[in-house]
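Colleague: After the structure tokens below, expect a handful of questions from me.
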Amino acid sequence: MATLKDEAIVLHAHDLGEADRIVSLITAGHGLRRAVVKGVKRTASRFGARLEPFTHLKVVLHEGRNLDTVTQADTVRTHAPLRTDYDKYLYGESMLELAERSLRENQNLPRFFDLLRVSLGVLEGEVRDCALLLAAYQLKACALIGYRPHLDRCLHGGRETSGGSWHLDLSEGGVTCQGCARTSPNVLHLNAQVLELLRRLLGTEMVAIARFDEPPHLALEALRASFAYTESVLEQRLRSRQIVLRHLEGKLRGTEAPLST
Ligand SMILES: [Zn+2]
């Protein structure tokens, strides 16, 4: 079996027995890989500690039939701030979860690796609103796997999206105007502001989104819509959806509470 040298980001890690650890990796050139790290708890293990979620590494993998073996790992970037700031940790974890769910094993999509690498880098820096960053990441991830949401005009009548009331039709992958909207549990109501925000998130680079500053309730609506869209594309629930949305709703309630004097 072959030996692979590549860059990778650790998506998930769990212990296997007393001594070993299994990691999920997204690599730059070899897709999603699952690999075992042997003897991770031995003090002599040189790189076991580096194989934590968020870490960006240069790895050497010995290819196996079901599972690769990590034979070397050097840190490129630890993304340590994502482990110490609870807010950022939640959003970062959600990014990792989506990467793991979006790609099939060994499906190679270098641009997805880049999207995650850049997004984690931006997230650990100065960000006005992490919720917007996560929503943008989700929309871009869907686009990369072939499900770019159609947000520019009504899917049916062709009317351009500006002003008024819109509907995001999850099963059709885009928006419809009020006149063309059908009633279905798969249709979300979107006001024009949220729709405009979603379009800007999809069309703007992650670095610039770090400076986006929108009213918090608008950011929450955008994130709700992008989570719903993403789950519908993946045809599965994301574990992080409830955790992130509840956290954000709680923070919003906190900021809206009247100040006591
Ligand atoms: Zn229409």
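The values are calculated or read from the model by the stated rules, or taken from the named source; none is laboratory data. Just so we're clear, the structure is a prediction, and the values are computed from it rather than from any experiment. Glycine gets a Cβ as well: all are built from the backbone with ideal geometry, and neighbour counts include every protein chain shown.
Colleague: Hey, does segment 125-133 have a residue that's hydrophobic (A, V, I, L, M, F, W, C), away from the ligand (no atom under 13 Å from the Cβ) and over 18 Å from Phe227 (Cβ atoms)? Explain how you work it out, then say what you get.
Modeller: First, pick out the residues of segment 125-133 that are hydrophobic (A, V, I, L, M, F, W, C): 127, 130-133.
Among the residues that remain, those that are also away from the ligand (no atom under 13 Å from the Cβ) are: 127, 130-133.
Subset that is over 18 Å from Phe227 (Cβ atoms): 127.
Yes, the conditions are met somewhere in segment 125-133.
Colleague: Name every residue in segment 157-197 that is of a type in the set (Val, Ile, Thr) and touching a strand residue (DSSP E or B) at 6+ places or on another chain (Cβ under 9 Å), in order of residue number.
Modeller: Taking segment 157-197 and keeping what is of a type in the set (Val, Ile, Thr), we get 161, 175-176, 183, 187, 194.
Result: Thr161, Val175, Thr176, Val187, Val194.
Colleague: Under 9 Å between Cβ atoms, which residue pairs at least 6 apart in sequence (or on different chains) link something in segment 172-183 that is near the ligand (Cβ under 6 Å from one of its atoms) with a partner that is among the aromatic types (Phe, Trp, Tyr) and not in a loop (DSSP other than H, G, I, E, B)?
Modeller: As it stands, the answer is Thr176/Trp166; Cys177/Trp166, since those pairs meet every condition given.
Colleague: Then there is this: Here is a check on your reading of the model: is Glu105 closer than 20 Å to Leu234 by Cβ and either under 14 Å from the mean Cα position of the chain (by Cα) or modelled with pLDDT of 95 or more (or both)?
Modeller: No.
Colleague: Filter segment 143-155 for residues that are of a type in the set (A, V, I, L, M, F, W, C) and out of contact with any Ser or Thr (no Cβ under 6 Å at 6 or more places or on another chain) and give the result. Explain how you work it out, then say what you get.
Modeller: Of all residues in segment 143-155, those of a type in the set (A, V, I, L, M, F, W, C) come to 143-145, 151, 154-155.
Those that are of a type in the set (A, V, I, L, M, F, W, C) and out of contact with any Ser or Thr (no Cβ under 6 Å at 6 or more places or on another chain): Ala143, Leu144, Leu151.
Colleague: Run His150 past the list (1) surrounded by 15 or more Cβ atoms within 10 Å (Cβ to Cβ); (2) at pLDDT below 95; (3) within 16 Å of the ligand (Cβ to nearest atom) and report the number of the one that doesn't hold.
Modeller: With (1) surrounded by 15 or more Cβ atoms within 10 Å (Cβ to Cβ); (2) at pLDDT below 95; (3) within 16 Å of the ligand (Cβ to nearest atom) applied to His150, the lone miss is (2).
Colleague: Could you identify the single residue in Thr183, Thr255, Thr176 that is at pLDDT below 95 and touching a Leu at 6+ places or on another chain (Cβ under 8 Å)? Steps first, please.
Modeller: Details: Thr183 fails: touching a Leu at 6+ places or on another chain (Cβ under 8 Å); Thr255 fails: touching a Leu at 6+ places or on another chain (Cβ under 8 Å).
From the options Thr183, Thr255, Thr176, the qualifying one is Thr176.
Colleague: Please verify whether segment 186-202 includes one or more residues that are in contact with a Lys or Arg (Cβ under 7 Å, 6 or more places away or on another chain), in the same structural domain as Tyr137 (by TED's automatic domain parsing), farther than 29 Å from Asp87 by Cβ and within 16 Å of the ligand (Cβ to nearest atom). Can you show your working first?
Modeller: Of segment 186-202, the ones in contact with a Lys or Arg (Cβ under 7 Å, 6 or more places away or on another chain) are 202.
From what's left, in the same structural domain as Tyr137 (by TED's automatic domain parsing): 202.
Now narrow it down to the ones that are farther than 29 Å from Asp87 by Cβ: none.
No, there is no match, as no residue in segment 186-202 is in contact with a Lys or Arg (Cβ under 7 Å, 6 or more places away or on another chain), in the same structural domain as Tyr137 (by TED's automatic domain parsing), farther than 29 Å from Asp87 by Cβ and within 16 Å of the ligand (Cβ to nearest atom).
Colleague: Quick one: would you say Asp6 is at pLDDT 90 or above and either in contact with a strand residue (DSSP E or B) (Cβ under 6 Å, 6 or more places away or on another chain) or of a type in the set (A, V, I, L, M, F, W, C) (or both)?
Modeller: Working: at pLDDT 90 or above: yes; either in contact with a strand residue (DSSP E or B) (Cβ under 6 Å, 6 or more places away or on another chain) or of a type in the set (A, V, I, L, M, F, W, C) (or both): yes.
Criteria met by Asp6.
Colleague: Considering only segment 91-100, I want to know if a residue exists there that is within 16 Å of the ligand (Cβ to nearest atom) and either touching a Ser or Thr at 6+ places or on another chain (Cβ under 7 Å) or not assigned by TED's automatic domain parsing to the domain that holds Leu252 (or both).
Modeller: Residues of segment 91-100 that are within 16 Å of the ligand (Cβ to nearest atom), as a first pass: none.
No - not one qualifying residue is present in segment 91-100.
Colleague: Right, next: Name the residues in segment 153-171 that are closer than 19 Å to Glu221 by Cα and within 12 Å of the ligand (Cβ to nearest atom), would you?
Modeller: Within segment 153-171, Thr161, Gly164, Ser165, Trp166, His167, Asp169 qualify.
Colleague: Here is a follow-up. Name the residue, out of Ala222, Ala210, that is surrounded by 22 or more Cβ atoms within 10 Å (Cβ to Cβ) and modelled with pLDDT of 95 or more.
Modeller: Ala222
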